[in-house]
Amino acid sequence: MKFSIKKKLIMSSMLISIIFGVSAFISYTSMKEMNKDYDYIIDNITEVNTNAQSIQNEATRQVSYIRGYLLYGTSEMKENVYTSNEKINQLIAQAKDISSMAETDRQLEDIQESNAAWIAENTKLIEVAAKDVNEAKKLAQEKVVPISTKLGEQTYALNESTEGVIKAKVKEAKEQSEKATDKILIISIFAFIFAIAAGWLTANLISKPLKKLGAAANQVAEGNLMVERIELKSRDELSELNQSFEKMTKHLRDTLTAISANAGMVAASADQLSSSVNQSSIAAETVATSIQEISGASEKTTKQLEGSLGTLNEVVQGIVRISDSTSSVAELSRESAMQAEEGSHFVEENLNQMRFIHESVNQSNQVIGSLSDRSHEIGKIIEVITGIAGQTNLLALNAAIEAARAGEHGKGFAVVAEEVRKLAEQSQTSTKLIADLINGMQNDTRDSVNIMKKVMENAEEGVKVSVETSNKFSQILDSTRSITPKIEEIKASVQQISASIDEVAQVSNDMTAHAQENAANSEEVAASTEEQLASMEEVNSSIRSLSSMAEELEDMVGKFNIK
């Protein structure tokens with residue numbers, strides 16, 4: 001499956017986002033659980049605890065009311081007893097509705113039973129008190145007081161139980177909060193480490209192949225087309241770029257190899273054609289001599305013309321081969337020009353990039369230089385502050401001496417002078433620390449300036465190399481452009497030679513057919529032979545030019561390492 005750089009970056013970002021999302025989800029769920037626990041404490045247990053306290057208070061009140069009734073016997077106290085008892089029942093009912101704990105429900109049931117028993121005994125007590133107060137007091141001591149004590153203990157136990165549950169729930173919620181905090185911290189640290197690792201891995205996956213491709217491109221720019229094949233395991237845009245670079249290098253190598261081979265063929269064909277032309281020239285001279293002596297040997301002339309015709313046929317075949325070769329060379333020259341154009345564009349882009357790097361390094365160098373100047377200025381200011389602190393220390397010392405001379409009246413001034421002296425010493429110590437830091441910054445800045453100078457020199461050297469490479473490609477392009485029209489000229493010359501030889505062949509055929517008329521037309525044949533010799537000279541000159549251009553083409557191809 002193909003993973004592009006874009007997909008890799010998106011997947012890395014998604015993984016990081018998922019990790020942070022999990023952290024946020026855990027945080028949310030933990031907070032939700034904590035809120036749920038706190039809501040339970042506030043809405044349930046706290047409310048039950050409040051009711052328990054109210055029940056305890058009402059139980060105390062109803063005991064007070066029954067005592068008041070026994071002492072004073074008023075109907076108001078009697079009504080208060082029943083009202084307080086009813087309020088306890090209402091509080092118990094409310095607590096039961098809220099409570100969700102079995103233990104609390106059991107305690108409320110016990111309190112309700114005790115409260116019912118208490119009101120039953122007190123009803124009897126009130127009836128007895130209406131007849132005999134002393135008997136009622138005795139009954140209260142025997143029956144009511146134990147139930148009241150039991151009711152008080154039960155309400156106290158309920159109050160303590162709910163408070164214990166509140167403390168336990170608060171502790172549990174706190175522990176859950178701490179655990180959730182630890183989980184979030186661990187996940188956040190893991191997400192942070194994963195984000196750094198993903199960024200580092202992604203940067204390496206992109207930068208390493210680019211460095212390899214850059215080195216290979218520099219070798220191609222220097223003329224080495226036999227660069228080693230770069231193996232990339234990834235299947236992304238960098239892999240596609242590497243494949244395109246390999247195709248370009250192979251195409252350049254094949255093109256230059258074909259040009260070199262065809263240049264050799266052109267040179268060989270030119271030599272062969274030159275030999276044929278020389279033979280034709282000799283034959284033509286022989287024909288001219290024979291024409292001058294034609295009056296004495298007509299049959300001999302016919303045989304010589306037949307021999308000349310065979311030679312011309314060989315020349316025609318050589319011309320045809322030259323024409324085919326020049327067509328191939330012309331096509332290869334055009335392809336070479338196109339490839340050189342593409343190479344020139346790549347070199348121009350590389351040159352622009354090197355100039356941009358050079359400009360960026362230059363700006364960085366200026367900024368670091370400015371930082372160095374500022375640090376020197378800060379150092380001077382620190383020296384001034386150090387001097388001021390030293391002077392302050394001396395002044396404080398002098399002030400202490402003067403205060404000592406002043407005796408009792410100068411004690412307060414001596415204390416102030418001592419404090420000033422301490423502050424001056426602290427200022428000197430601080431300024432010394434700052435000076436040390438500034439010196440360290442200045443040293444680092446100087447190192448940075450030196451490093452940036454080296455980087456700038458390397459960038460300038462890179463620009464020079466790119467410019468030289470661009471010039472070489474321009475020379476190759478100009479040479480290729482100049483070769484193409486020359487080859488076209490050679491092709492036209494060859495076609496002209498072919499036409500001329502066809503004419504000579506036609507003339508020779510006519511001469512062979514009319515051998516008996518050679519004596520009368522000897523002057524005309526001699527003129528034709530002279531024209532043939534002139535054409536042969538032109539062919540020979542064109543062949544020399546073609547051979548020279550083939551040698552130049554081989555020299556240009558020789559500048560590239562293709563084997």
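The values are calculated or read from the model by the stated rules, or taken from the named source; none is laboratory data. Source: prediction; values computed, not measured. Every residue, glycine among them, receives a Cβ derived from its backbone with ideal geometry; neighbour counts consider all protein chains shown.
Side notes on the structure shown:
- The residues listed here are Ser466, Ser474; of these, the one that is out of contact with any His (no Cβ under 6 Å at 6 or more places or on another chain), in a helix (DSSP H, G or I), at pLDDT 70 or above and farther than 16 Å from Gln363 by Cβ is Ser474.
- Test: residue in the range 418-426 that is in contact with a helix residue (DSSP H, G or I) (Cβ under 7 Å, 6 or more places away or on another chain), among the hydrophobic types (A, V, I, L, M, F, W, C), at pLDDT 75 or above and in the same structural domain as His376 (by TED's automatic domain parsing): yes
- As for the range 396-409, it holds no residue that is surrounded by 15 or more Cβ atoms within 10 Å (Cβ to Cβ), among the basic types (Lys, Arg) and at pLDDT 75 or above.
- The conditions of being loosely packed, with under 13 Cβ neighbours inside 10 Å, more than 20 Å from Gly164 (Cα to Cα) and free of Cβ contacts under 8 Å to residues at least 40 places away in the same chain are met by Glu135.
- Selected residue [touching a Leu at 6+ places or on another chain (Cβ under 8 Å), among the basic types (Lys, Arg) and assigned to a helix (DSSP H, G or I)] from Lys124, Lys78, Lys87: Lys124
- Boolean, Val165 is hydrophobic (A, V, I, L, M, F, W, C), touching a helix residue (DSSP H, G or I) at 6+ places or on another chain (Cβ under 8 Å) and surrounded by 15 or more Cβ atoms within 10 Å (Cβ to Cβ): yes
- Every condition in (1) outside the structural domain of Ser548 (by TED's automatic domain parsing); (2) at pLDDT below 75 is met by Gln272 except one, and the failing one is (1).
- Scan of the range 361-375 for residues that are modelled with pLDDT under 75 and either of a type in the set (Ser, Thr, Tyr) or closer than 13 Å to Ile434 by Cα (or both), ordered by number: Ser364, Ser372, Ser375
- Members of the range 35-83 found to be at pLDDT below 80, surrounded by fewer than 22 Cβ atoms within 10 Å (Cβ to Cβ) and touching a Lys or Arg at 6+ places or on another chain (Cβ under 8 Å), listed by number: Asp37, Tyr40, Ile41
- Residues located in the range 399-423, provided they are touching a residue at least 12 places away in the same chain (Cβ under 8 Å) and within 30 Å of Ala435 (Cα to Cα): Ala399, Ala400, Val416, Ala417, Glu418, Val420, Arg421, Leu423
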